[in-house]
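None of the figures in this text is laboratory data; all of them are computed from the coordinates on show. If you're wondering where the values come from, they're calculated on a predicted model, not measured in any experiment. Every residue, glycine as well, gets a Cβ built from its backbone with ideal geometry; the counts of neighbours run over all protein chains shown.
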Amino acid sequence: GAGVSQTPSNKVTEKGKYVELRCDPISGHTALYWYRQSLGQGPEFLIYFQGTGAADDSGLPNDRFFAVRPEGSVSTLKIQRTERGDSAVYLCASSLGGLIDTQYFGPGTRLTVL
Amino acid sequence: GESVGLHLPTLSVQEGDNSIINCAYSNSASDYFIWYKQESGKGPQFIIDIRSNMDKRQGQRVTVLLNKTVKHLSLQIAATQPGDSAVYFCAERDSSYKLIFGSGTRLLVRP
């Protein structure tokens with residue numbers, strides 16, 4: 001069956017610009033997660049949705065980062081006034097919603113801020 | 001903050017040998033641990049998980065061992081194949097839903 005999909009696969013932008021990254025979770029998965037992975041590092045948690053609401057956004061680095069999931073399915077991660085330090089791979093994962101349900105990851109969006 | 005780390009950044013093994021990848025964790029409150037495999041350009045792929053009330057769990061060619069006394073986790077891969085070449089991450093979770101990942105170990109399989 002279809003896994004988690006993310007678009008675009010690559011995004012190059014200039015410092016100061018606004019970007020949106022999209023995640024389509026596995027059908028039926030109520031939980032959705034965003035992580036960020038820098039080169040040579042493990043993924044770092046950003047935000048977690050249960051349904052439409054952000055249950056935990058403690059990983060968002062600052063108020064330039066925001067994410068929505070208006071209908072409880074597709075999610076969009078929004079970054080305002082991008083900085084070169086935002087360059088990373090942004091990973092999305094989804095799960096059935098239970099505490100120990102497996103998180104399945106998408107291929108990620110590689111963001112490069114010039 | 002609490003973190004998960006790995007002892008060896010790179011592990012090189014001969015094809016057909018067994019591989020052991022180690023991980024140390026520091027959060028004694030963590031009760032669920034997962035191993036992921038990540039190939040270049042792809043997202044992490046679930047391999048196997050273990051709950052803290054277990055000390056061993058086996059899958060297909062993989063075994064995870066958990067030693068809570070010394071806060072140590074290991075992944076054993078039997079009869080390592082070229083397709084096993086990747087970066088392996090351990091991750092932990094406490095009472096929250098977020099995963100905390102280590103920095104990864106690269107496994108290289110020599111033909």
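Of note:
- Relative contact order [Cα under 8 Å, 6+ residues apart], chain A, whole percent: 36 percent
- Counting Cβ atoms of other protein chains within 10 Å of each residue's Cβ and taking the mean over peptide B:98-110 gives 3.
- For region A:2-15, the Karplus equation 6.51 cos²θ - 1.76 cosθ + 1.60, evaluated at θ = phi - 60°, returns couplings of 6, x, 6, 10, 9, 9, x, 6, 9, 9, 10, 9, 9, 3 Hz by residue, with Gly and Pro reported as x.
- Here the residues B:Asp31, B:Asp55, ranked from fewest to most Cβ neighbours within 10 Å of their Cβ, fall in the order B:Asp55, B:Asp31.
- For B:Leu108, residues with placed amide H under 5 Å, excluding near neighbours: B:Leu11, B:Ser12, B:Val13
- FRET efficiency for A:Lys78 and B:Ser28, using Cβ-Cβ distance with R0 set to 30 Å, rounded to 0.05: 0.25
- Among the residues of A:100-106, the average count of other protein chain beta-carbon atoms within 10 Å of the residue beta-carbon is 5.
- Among residues other than B:Leu99 with Cβ under 11 Å from its Cβ, the summed charge is -2 (Lys and Arg +1, Asp and Glu -1).
- Here the ratio of the Cα radius of gyration of chain A to 2.2 N^0.38 Å is 0.99.
- Magnitude of the charge dipole for region A:1-113, about its Cα centre and with charges confined to Cβ atoms of Lys, Arg (+1) and Asp, Glu (-1), is about 420 debye.
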